[in-house]
Amino acid sequence: MLVVSCASNVKREASPAEKLVEAQSQFNKGRYTEALNSLDGMESLTAGTALGGEVTFLLGEVNFRLGKYVAADSSYSSYGLIYPGGPHASEALFRRAMAKVREIEKTVFYFFGIKKVIPADRDITPIREARLLFTQYLDRFPEGKHAVEASKLVNTLLEKEGAHEIGIASFYLRKGELAAALSRASAVLDGNFPPQIKEKAGMIVQQAKALMTAQKVINAPGEGAQIDSLQHK
């Protein structure tokens, strides 16, 4: 009696380590979508292991290259939480901050343009978050390979954040909401913003205080003209 075995026709499923090697190879060749498919389901299979750290970090890298910055941010964040002493700790932290910057750039065109002003009604929470992450990177890895770039980005983001706050304070000043303008501009003066931003904030503080003083003068001759003149300086 002839027995035919079908075992040779059954394809052996690749191990997690083999899948990771394949995904890394695809990533290195710029085949990011294929790499993402190869990593599908790998995080749960390798969670908490050294291999899991490599999977999580590579997921961040793949999603970053694909422009999926929110997903990349999530993977980099997970790596930092689960593998704080891992070999990619510094890179994951820096890349997480960069993912936030790239996500901002998707909604604020020419974000790093010389004269770009963020609309006053725009939520700039991601800008603050990115700045804090870059600052954290500098605190933890002062000699890291991205230290110079991180330092420059902290200053740039501070300037953008400060300009946004100045825009809001100026809006309140034009609307005659002097207390709000004074509060916003004073907060800028108390913050760690660049000198040119603080100079503008100081001017708004002076204008707001002058207008508030003028409004206390009851029935003073020319009061209306004085206030109108101050508001349009």
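If we count every other residue with Cβ under 14 angstrom of LEU36's Cβ, Lys/Arg +1 and Asp/Glu -1, where does the sum land? Kindly include the intermediate steps, with their values, before the conclusion.
Numbers: positive: LYS19, LYS29, ARG31, ARG65, LYS68; negative: GLU22, GLU34, ASP40, GLU43, GLU61.
Around LEU36, the surrounding residues sum to 0.
Length gained on full extension, GLU18 to GLU34: 4.3 nm, using 0.36 nm per residue less the C-alpha separation. Shown is the FRET efficiency for ALA50 and VAL148, computed with R0 = 22 Å from the Cβ-Cβ distance and rounded to the nearest 0.05: 0.10. Considering only MET98, VAL21, GLY80, the residue lying farthest towards the positive end of the dipole of the stretch 16-113 is MET98, judged by Cα position with unit charges set on Cβ.
Suppose the chain between VAL70 and ARG128 were pulled fully straight at 0.36 nm per residue; how much longer would it get relative to their current alpha carbon spacing?
Working it through step by step, the gained length comes to 19.3 nm.
Taken about its Cα centre, the stretch 117-217 carries a charge dipole of roughly 300 debye when the Cβ of each Lys and Arg holds +1 and the Cβ of each Asp and Glu holds -1. Between THR213 and PHE171, the FRET efficiency from the beta-carbon distance, with R0 = 22 Å, is close to 0.55. Can you count the Lys pairs in the stretch 117-217 whose Cα atoms are under 21 Å apart, with each pair 8 or more apart or on different chains? Step by step, the pairs that qualify in the stretch 117-217 add up to 9. What would the Debye equation give as log₁₀ I(q)/I(0) for the stretch 16-113 at q = 0.14 Å⁻¹, counting only Cα atoms as equal point scatterers? Rounded to two decimals, the profile gives -0.49. Taken as Cα centroids, the stretch 130-184 and the stretch 44-101 sit 25 Å apart, rounded to the nearest whole angstrom.
Any read-out appearing in this document is the output of simple, stated calculations on the displayed coordinates, not a laboratory observation. Quick caveat: nothing in here was measured; it's all calculated off a predicted structure. All Cβ positions, glycine included, derive from the backbone under ideal geometry; neighbour counts span all protein chains shown.
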